[in-house]
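Coordinate-derived values only; no laboratory data. Please read all numbers here as calculations on a predicted model, not as lab measurements. Heads up, the Cβs are rebuilt from the backbone with ideal geometry, glycines too, and the neighbour counts pull from every protein chain shown.
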Amino acid sequence: MKQRFSLQIFLSVLLIISCNSVFSQKKSPDNWTHWRGQMHTGAAIKGNPPVEFSETKNLKWKTDIPGKGHATPVVWGDKIIVQTAVATGEISPEAPENAGEGSRMAPNQTNLIHEFKVLMVDRNTGNILWETLVTREWPRENTHELGSWASNSPCTDGERIYAWFGSRGIYCLDFDGNIIWQRNFGQMQKHMSFGEGSSPFVYKDKIFIQWDHEGDSFLFALDKTTGEIDWQVERDEGTSWSSPFVTEINGHIQVITSATNQVRAYDYYTGEVIWTTTGLTRNVIPNPIYADGILYVMSGFRGSALQAIDLKKAKGDITGTDAVLWTYDKNTPYTPQPVLMNGKLYFMRVNNGFLSCIDAKTGEPFYENERLGDISTLYSSPTGVNDRLYIAAENVVMVIKAGVTFEILASNPVDDNFHASPVIAGNDLILRGFNSLYCFSKE
């Protein structure tokens with residue numbers, strides 16, 4: 001009896017240690033769990049990647065990645081997870097004869113079957129540890145000339161990997177590359193065939209997917225263990241590319257979505273709408289971001305819109321109420337996401353190389369429309385850590401001083417083009433280019 005009691009105590013202690021270890025790892029700066037990081041603000045918890053780097057300076061490793069994909073990688077400890085779409089030489093019998101000819105607005109069509117893959121890369125060496133083929137099919141939809149058929153980023157909770165390929169479906173894998181479950185929602189019909197790009201959000205026991213397109217739009221809540229649909233709600237929305245965001249306020253968990261017709265908050269457990277507001281532009285891409293009780297939503301297609309919302313006051317239709325603390329109507333981004341860091345919002349103008357910084361509490365600008373050297377256009381999003389921002393474009397990665405005064409710290413040449421966003425894990429800067437995966441770290 002005494003031995004049995006001792007064994008129970010031992011197992012209980014072991015469980016506590018294990019849970020504490022997992023909890024501490026989830027808060028580790030070595031993790032980048034979603035496409036905009038652990039805090040979902042585009043800022044790392046902490047870290048010290050190099051300010052100056054190149055193909056020959058502070059390069060820890062560089063690894064060629066097969067296929068094409070603009071999905072931002074995620075990181076858990078010493079593992080990097082990457083999604084890609086690899087064209088085969090096999091023409092699909094389903095493809096029409098003119099597939100591949102394209103059009104003015106969406107020239108990226110294909111008649112080739114593609115292999116959709118998830119890769120795990122060793123963060124220390126750059127070696128590809130495994131690659132899992134999740135599906136092999138012909139992508140029916142066009143994608144924008146600047147897009148890819150693997151632009152949706154994965155996410156992870158440290159136990160499983162959730163790889164989302166849009167019209168190809170979502171795949172849950174373990175860290176050995178085995179597929180645990182999968183679910184497909186059908187074929188999306190994006191506005192002007194601009195392609196897909198929204199990413200999933202995992203929180204507690206659920207995964208959320210924002211399915212906004214020109215057909216019937218939904219928000220899906222999946223059980224992360226089984227992939228079964230816990231609930232789904234219809235959305236009166238056309239195409240958006242924004243990703244959902246989850247936070248807890250006043251003891252209630254809200255799932256928040258940005259889109260053209262409305263910004264909405266849903267109850268985590270039931271999908272019931274908690275509050276709504278209007279005022280964004282068309283073709284919404286930036287995600288909702290949150291800190292210190294304030295939610296920020298923005299868009300920048302054919303207009304500029306930014307709203308700061310006090311979530312403690314938000315209930316029902318909050319359009320024009322005091323729940324909207326302030327608004328800002330110029331220089332907001334179209335494709336790039338903002339960065340929220342140390343009480344400041346940093347964002348690009350449309351898709352151009354001009355940066356603004358405003359006070360996140362008041363909306364007052366510290367500086368506006370500062371030019372990023374020779375960068376004319378970019379489609380990746382800035383990433384912040386401590387006292388600096390990293391901004392990746394074609395053949396260059398710029399490092400900007402964070403704070404109230406604009407200053408370029410470095411303009412670093414890199415032989416690749418970047419639509420995926422920089423990832424910061426500890427002292428490593430991880431960049432997914434069109435051709436290669438880079439890791440820069442101080443020598």
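Worth a mention:
- Residue count, the stretch 339-364 (criterion: of a type outside the set (G, A, S), touching a Phe, Trp or Tyr at 6+ places or on another chain (Cβ under 6 Å) and on the phi > 0 side of the Ramachandran plot): 1
- The strands (runs of 3 or more DSSP E) located wholly in the stretch 93-206 that include 1 or more residues which are farther than 30 Å from V255 by Cβ and touching a strand residue (DSSP E or B) at 6+ places or on another chain (Cβ under 9 Å) occupy 112-122, 128-137.
- Restricted to the stretch 283-398, the set of strands (runs of 3 or more DSSP E) holding at least 3 residues that are more than 30 Å from G69 (Cβ to Cβ) comprises 305-310, 324-328, 352-359, 365-371.
- Positions within the stretch 30-55 being crowded, with 24+ Cβ neighbours inside 10 Å and touching a Gly at 6+ places or on another chain (Cβ under 7 Å), in sequence order: R36, G42, A43, A44
One line per residue, one yes/no per condition, for (1) closer than 24 Å to K344 by Cα; (2) among the acidic types (D, E); (3) touching a helix residue (DSSP H, G or I) at 6+ places or on another chain (Cβ under 8 Å); (4) surrounded by fewer than 24 Cβ atoms within 10 Å (Cβ to Cβ):
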{"position": "T257", "(1), (2), (3), (4)": "yes, no, no, no"}
{"position": "G271", "(1), (2), (3), (4)": "no, no, no, yes"}
{"position": "G279", "(1), (2), (3), (4)": "yes, no, no, yes"}
{"position": "G300", "(1), (2), (3), (4)": "yes, no, no, no"}
{"position": "L311", "(1), (2), (3), (4)": "yes, no, no, yes"}
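- Some residue of the stretch 140-162 being crowded, with 20+ Cβ neighbours inside 10 Å, more than 20 Å from the chain's Cα centre (by Cα) and either at positive phi or among the charged types (D, E, K, R) (or both): yes
- Check on S193, within 20 Å of the chain's Cα centre (by Cα) and of a type in the set (S, T, Y): no
- Evaluation of N417 against the conditions (1) in a loop (DSSP other than H, G, I, E, B); (2) over 26 Å from V74 (Cβ atoms); (3) among the polar types (S, T, N, Q) shows that the sole unmet condition is (2).
- Subset of the stretch 172-214 (residues that are of a type outside the set (A, V, I, L, M, F, W, C) and in contact with a Pro (Cβ under 9 Å, 6 or more places away or on another chain)): S198, S199, P200, Q210
- Matching residues in the stretch 110-131 - criterion: being closer than 27 Å to H213 by Cβ and surrounded by fewer than 23 Cβ atoms within 10 Å (Cβ to Cβ): T110, N111, L112, I113, E115
- Scanning the stretch 227-255 for residues that are charged (D, E, K, R) and either part of a loop (DSSP other than H, G, I, E, B) or buried (at least 20 other Cβ atoms within 10 Å of the Cβ) (or both) yields E228, R235, D236, E237.
- Residue check, I80 surrounded by 15 or more Cβ atoms within 10 Å (Cβ to Cβ), in contact with a Cys (Cβ under 9 Å, 6 or more places away or on another chain) and in contact (Cβ under 8 Å) with a residue 60 or more places away in the chain: yes
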